[in-house]
Amino acid sequence: MTSSATFALPPWHRREDTWAILIALGLVLAVTLAFFLGGARAVSTAALSIPTWSDGDKLLGALAANPLAPLTLFGLFLAAFSGASFVLGWDVARYAAGFALLFVFSVIVTALGSNAALKQWQLETPLLALAIGIALGNLVRLPGWFQSALRTEFYVKVGIVLMGATLPFTIILQAGPLAIAQATIVAVTTFVAIYMAATRLFGLDRRFGATLGAGGSICGVSAAIAIGGACRAEKSHVSVAISMVILWAVAMIFALPVACRQLGLAPGVAGAWIGTSEFADAAGFAAAGAIGDDRAVKTFTLMKVVGRDMFVGVWAVAVAFLSVTRWDRGAAGASERVGAGEIWRRFPKFIIGFLVASLLVTVVLASIDSASGTQYSKEAIGPLKTLRGWAFTWTFLSIGFTTRFRELTRFGWRPFAAFAVGVLINVPLGYWLSTSVFESFWLAVR
């Protein structure tokens, strides 16, 4: 019998992971099919790209050269996201209206982030999206219909699956064991540090400590929710853990890229350090993107997605087991058993989509000659990178618009102090592992 510590998941067709996978893999297949059928021009029309510009004439010229691109891009994703909204049970009309405004913001932010002067100041699209979103989100009362389109987790999952199409499966196979090893060291150490600080130093409930530890060591918000449900943590405990993850994740978005540049880290090493030190996928992609080199995004993905995110199911089962066998000893639920199927139930399914996308593109490249492979990389993988960039821009804007400083301060000092202990251990440990123990491998990622 499965423990009642588990929480009910919606049917597979009503989960964000499912639709993120379907939409992203659908784009990968459509772009690949278009390439082999000679439809690369149609793909380039949808993949709106704004070049670096230093004067307004160049920007306007680039937009005028492909005037249908913004509308095509908007229509493509609006149709896909609205279809998903209908099945997921969201208000389609409110979502469509909100996404239209979010899209306008994303075009403006991307145009500003492509400015040569702002790029020299390291104010590229990810940081600008966050800064503008945070400023407006805290100064202006956002209408409810717009907030319905701020789906951070949904957009980042679409972006992660698209990221798989731009990362060769051979690199994933090579990096997998090292990423998992580094992630395991960091995750276990950070979880234990936060849990012990919460329960031993600050006298917090063990379930609260486990929820805080999961949010700081595995995959942020998703881990806090999964582990909180697995160990029967109070709803307020889960909410505080989520607030702590968001608070520190936003701070790290700005702090880590600056630290990487000041320390002179190579892009691959910087991405790996961010992958071990950030607390949420979306925030980590923003920080890695701010490095300004695709190698940083690749190594971050290997560390965070391949190395850390996949552990959430295992940790949920382990904590649920502790809860029903140790923490609830003598209580009515002590005789319950934790089913092994919980590992699959809690496993973040979008990781499978990420791996399938990578495998699909790798098989295509392996089945064609070198010249065709070069052309495929330019006409198919290139646009997929552009589409991935738009998904992440919507993610960063959503983070900014939904970050409320007033709400983040509504917790006591003890949870903050316990989480801070984990940060003080996590960040230097990740730096040492990335720059010393595994440096040679992260430098080799291209």
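Quick notes
- The sole residue among GLY275, GLY292, GLY268, GLY284 that is in a loop (DSSP other than H, G, I, E, B) and either in contact (Cβ under 8 Å) with a residue 60 or more places away in the chain or within 13 Å of the chain's Cα centre (by Cα) (or both) is GLY292.
- The residues listed here are GLY176, GLY229; of these, the one that is part of a helix (DSSP H, G or I), out of contact with any helix residue (DSSP H, G or I) (no Cβ under 7 Å at 6 or more places or on another chain) and modelled with pLDDT under 80 is GLY229.
- Cross-chain or 6+ apart pairs with Cβ under 8 Å, the stretch 122-148 first and among the acidic types (Asp, Glu), then not in a loop (DSSP other than H, G, I, E, B): GLU124/GLY113; GLU124/LEU118; GLU124/GLY289
- GLY38, sole failed condition from (1) surrounded by fewer than 18 Cβ atoms within 10 Å (Cβ to Cβ); (2) in a loop (DSSP other than H, G, I, E, B); (3) in contact (Cβ under 8 Å) with a residue 12 or more places away in the chain: (3)
- From ALA97, ALA117, residue being farther than 21 Å from THR45 by Cα, exposed (fewer than 13 other Cβ atoms within 10 Å of the Cβ) and in contact (Cβ under 8 Å) with a residue 40 or more places away in the chain: ALA117
One line per residue, one yes/no per condition, for (1) acidic (Asp, Glu); (2) farther than 19 Å from GLU153 by Cβ; (3) crowded, with 18+ Cβ neighbours inside 10 Å:
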{"site": "ILE180", "(1), (2), (3)": "no, yes, yes"}
{"site": "ALA198", "(1), (2), (3)": "no, yes, yes"}
{"site": "ASP205", "(1), (2), (3)": "yes, yes, no"}
{"site": "GLY209", "(1), (2), (3)": "no, yes, yes"}
{"site": "GLY220", "(1), (2), (3)": "no, no, yes"}
{"site": "ILE227", "(1), (2), (3)": "no, no, yes"}
{"site": "SER243", "(1), (2), (3)": "no, no, yes"}
{"site": "MET252", "(1), (2), (3)": "no, no, yes"}
{"site": "ALA255", "(1), (2), (3)": "no, yes, no"}
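Residue by residue, here is whether (1) of a type in the set (D, E, K, R); (2) crowded, with 21+ Cβ neighbours inside 10 Å holds:
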{"position": "VAL361", "(1), (2)": "no, yes"}
{"position": "LEU365", "(1), (2)": "no, no"}
{"position": "ILE368", "(1), (2)": "no, no"}
{"position": "THR374", "(1), (2)": "no, no"}
{"position": "LYS385", "(1), (2)": "yes, no"}
{"position": "PHE392", "(1), (2)": "no, yes"}
{"position": "ALA418", "(1), (2)": "no, yes"}
{"position": "VAL423", "(1), (2)": "no, no"}
{"position": "GLY430", "(1), (2)": "no, yes"}
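The values are calculated or read from the model by the stated rules, or taken from the named source; none is laboratory data. Just so it is clear, the structure is predicted and the values come from calculations on it, not from any experiment. All Cβ positions, glycine included, derive from the backbone under ideal geometry; neighbour counts span all protein chains shown.
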